[in-house]
1. For the range 24-116, what's the relative contact order in percent, using C-alpha pairs closer than 8 Å and at least 6 residues apart?
2. Does the range 384-482 classify as rounded, prolate or oblate by the C-alpha gyration tensor (a ≥ b ≥ c root eigenvalues; a/c under 1.5 gives rounded; else a/b over b/c gives prolate, otherwise oblate)?
3. Once fully extended, how much extra length lies between residue 476 and residue 357, figured as 0.36 nm per residue of separation less the alpha-carbon to alpha-carbon distance?
4. What spacing in nm lies between the two simple spin-label points modelled at residue 283 and residue 411, each 7 Å away from Cα in the Cβ direction?
5. FRET efficiency for residue 325 and residue 28, Cβ-Cβ distance as r, R0 = 51 Å, nearest 0.05?
6. Can you give the extra length, in nm with one decimal, that the chain gains between residue 225 and residue 435 once fully stretched, where that is 0.36 nm per residue apart less the Cα-Cα distance?
7. Under 1.5 on a/c is rounded, so check that first for the range 264-324, then, if it is not, pick prolate when a/b is larger than b/c and oblate when it is not; a ≥ b ≥ c are the square roots of the alpha carbon gyration tensor eigenvalues.
Amino acid sequence: MAPIQRNVENDISIAVMVLCFAGILWSIMRTWTWGKRAAMVGVDLQILGKFIIISIGIIANVLFLVNVGSALNWLVVWKKQSFAPTVNQEYAMQVYLIIAFPLKTVQIVHDLLVICWTDVFFIDWERPKSRQMEWPHLVRMRAVQSKASIQEQNESPEHKEEARTSRTRRGSVGKSSPGSKPSISGVSIWRSLFVANEWLELFSHRRICLELHLFFVILLMKVWNLEEYTKYIHSSSEEQAEPDHESMICRVALGFLVYVSLILVQILYFVVIHERFVKDKRKDFVDFCSVSNISVFIWVHKRYGFYIHGRSPNGRAEVNMKEMNDLLQREEEDLCSKRGLLPNTDQQTFEMTLPFSMYDQYQRLRSILAVPTTRSTRIQNLLNSRTEDIEKKASAYIIVTKFLSSFIDHTLNDFDYIVKDKTTLEYILDAEFDERRDQGYFYNDNGLSFERVLMSGSETSLIIFELMLFIFIDVICWDYILAAIITFITSRVSSWNIYWNFNFFIEFDRSLQTLQSQ
């Protein structure tokens, strides 16, 4: 048996080295792609750090999958009563798994931080109401002013002065100077708030119900007693067969097999049944943006991001129920333009690479809107906020909205884009090979490219991390129940990171509410 066992050890070492080398080559490719998207010039410490993080994530996956595959092989061979792994082999696998988990943790924390620091801006296409829509209100206001002036002419001088002082103290809204223009109703902020709330809910959405999944894992392991299959049966005859000892390698293999099988069942249900016949939150969000007349501009890196075109084909969204029903009916009967960015198309989501200096211009315009990252500073600034600062933020928000909407409408001389399809090689490598730095590109996608900045877009990485955590705890503590509890708690803590996002939008919402109340 010794030569076979030595061959298994050599095969594991060779597989790890070959796959790690291939992973390093892939890390170089991913780092080069990231450098282009982040507008990096040359090689510096930031690019080196990105390469290290990508590499350790790939190495962690290699160490984990190779050793789990070897454990599954041992489980099959062991249950056939051929031979058992040695203590040294179990120790080597334990070391591999203990090394792989911290490496994967570093990579998953980095990915979550990148997602949470994604810059999301909501472009409201709604235009203020026209003067004609405000005409009845102006007529009533002028009638009240005329009536007040007639009464003032009939009163004594003392009463005139007293009435004038009283109106001044009340701060009458209807009073205006002879040459002033009447105010025009603005655009409501509530549609943007509703879209932002839907985005937050979509952000934390996952196809996997971890609570239900871990419940069934424990049910199979403990209640249905699958855990007994990890014990080695040693006997000289069938009558004297007794459990001898429990193998760590078999525990790893069985835990992986049960965990992955239940995961595949859930994914198969969501992809084949739930998202097709019940509800697909991602597509519903795109439809909600169109009804709300709001587009979503997502910056992942300086030159790379995603765009959801939510401009309503009817041109307006602030209408009553009857008008909304009429507008949707017109759209259903194809009596208006389509929802797509290009004329007569339905393509609403795009993967984009932007002109080189556009992000810097965007940052300069929205610099007033930047909010502090620490909680204490945000609270202090909120308590000390003044009306002037809030008005500046509101003005800056309007300027940024006009800047991005002008870019979408091709009205900026310095920044422009074209819509095209990615080549087959670009799709396979997930890269862009266009070298023009002054030209932007909007790539048609399958309608769900923006999912990469959501939790569901990192589903594979999260599943691997949670599986590695589950097996890591079981290898140390030999307890599937404790492993399930710690996995669940860690997953919930990582989900809380979504609230780090949208600090800008929440702060701006509070500023607008304060401004409106004053």
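FYI, it's all coordinate maths here, none of it is from the lab. Small disclaimer: the values here were computed from a predicted structure and weren't measured. Please note: Cβ atoms are built from the backbone with ideal geometry, for glycine as well, and neighbour counts cover all protein chains shown.
1. Worked out over the range 24-116, it gives 35 percent.
2. In terms of gyration-tensor shape, oblate.
3. The residue 476-residue 357 span can extend by a further 37.7 nm.
4. Inter-label distance under the simple model: 3.4 nm.
5. Step by step, r from the Cβ atoms, then E = 0.40.
6. 69.7 nm
7. oblate
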